[in-house]
1. Starting from the Kirkwood Rh over alpha-carbon pairs, what translational D in µm² s⁻¹ does region 1-114 have by Stokes-Einstein at 20 °C and 1.002 mPa s?
2. At a 1.4 Å probe radius, which order do Met43, Met1 fall into by accessible area, largest first?
3. List the aspartates and glutamates whose Cα lies under 17 Å from the Cα of Lys184, skipping any in the same chain that are fewer than 8 positions away.
4. Could you work out what % of the accessible surface of region 227-362 is carbon and sulfur, using a 1.4 angstrom probe and leaving DNA, RNA and ligands out of the count?
5. What whole number of Å gives the distance from the Cα centroid of region 175-194 to the Cα centroid of region 198-267?
6. Under 18 Å Cα to Cα from Lys69, which aspartates and glutamates show up? Leave out anything in the same chain fewer than 8 places away.
7. Whole-Å semi-axes of region 246-360's equivalent ellipsoid, largest first, each the root of 5 times a Cα gyration tensor eigenvalue?
8. Which ³J(HN,Hα) values in Hz, rounded to whole numbers, follow from the phi angles of region 82-90 under the Karplus curve 6.51 cos²θ - 1.76 cosθ + 1.60, where θ = phi - 60° and Gly and Pro get x?
Amino acid sequence: MKKKIIFFMPSMEGGGVEKNLIILANFFLKKNLDVKIITFDEMFKKKFNKKIKFLSFKKKPIKVNKYIKYLICLVFLLREIAFKKVIIFSFQANIYSIILCKFFRKKILVRSNTSPDGWTTNYLKNFIYSYFIKKADKIIVNSFQFQKKMQSKFKVKTKMIYNPLNLIEIKKKALEKIDLRFIKKRHINIINIGRLTDQKNQILILKAIKMLSKNIKINLVIIGYGNKKNNLNMFIKNNKLSNRVTIIKEIDNPYKYIAKFDLFILSSKYEGLPNVLLECLALKIPIISTNCPTGPYEILNNNKYGTLFRVGDYEELSRLILKFKNKRKNFIKKTISGYNSLKRFNYFVNCNKYLKEINNLF
């Protein structure tokens, strides 16, 4: 009889967390596990193996509060765990799923995705989180920095497993053609990929480009969607950057875009372990990133594989872009070193580490 596992992720928005969910769900299926996904959103269903069963609400309104999504998906989870022998792997709404699983005496593994620095400063919420997160049978984080943060803030033990990086798939997809109107000759072509949210902080890049717009030729493409899109478009319009900045909606294959650009900039206020930096190194694209908690420092090995700057400092970012223009070879040299460091994110090694943690719970 197959071992049963349920991935719990009520809200899918197309970020790095979803990529890891897709990778692990498909890998576990190949290892002869019975895999199900509980989610409210099915927009990424085609990226999962067709044999994976989705448990979701079929009739969906256009806009739904995330807590409504959580509630609906918790009902599905309740139905699944009440009478069945199964392991729960929670990627989201971890505290709610832990409470439900512990009530029914079911084993649960949770994956924490974002640095505690990005969470609430509310004492009561932090106390509740600290109390219940320790009830999980296993907690996984994806960087050593992250692990230290969890230990210092919540006094909780975690298992560190790096994000699995599928180099073969990334390189293959990077070969696809793109609309060349997004690339401008004799310009520094810069790309940013991420949800348009306060966390990702793309306004920082726009402010840096505004400072440089009269000095050098820059072309910026931002790929993503989110609640800050109108704010970004307003800044672009008010500062006459429309001929330098383009925002396009999330796409199925970001690798073909990354591969064609000169430079990637990460502007985030906080992260977990940003997959996009790994993908840039895999495609040998130079990186400038905020030294945000957590992940960039560890991926870029303290400026050895890319260039870090202070969170929120757009003036420093503008200086680094100018430095890239004048000393591009130095940035490329760092990138090659970063590419050679990617063994620690090996797809099979890290997927099997996850599989081992799951098997230990059965």
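1. Approximately 151 µm²/s, per Stokes-Einstein.
2. Met1, Met43
3. Asp262
4. The C+S portion of the solvent-accessible surface of region 227-362 is 47 percent.
5. Cα centroid of region 198-267 versus Cα centroid of region 175-194: 11 Å apart.
6. Once the sequence-local aspartates and glutamates are set aside, what remains near Lys69 is Glu13, Glu18, Asp41, Glu42, Glu80.
7. They are 26, 16, 15 Å, listed from largest to smallest.
8. Running phi through 6.51 cos²θ - 1.76 cosθ + 1.60 with θ = phi - 60° gives 4, 10, 10, 8, 7, 9, 9, 10, 8 Hz.
The values are calculated or read from the model by the stated rules, or taken from the named source; none is laboratory data. Quick caveat, the model's predicted, so the values are computed rather than measured. Note that we place each Cβ from the backbone using ideal geometry, even for glycine, and neighbour counts take in every protein chain shown. Note: accessible area is taken over every heavy atom of the protein model, side chains too, but ligands, DNA and RNA are not part of it. Shrake-Rupley method; radii C 1.70, N 1.55, O 1.52, S 1.80 Å.
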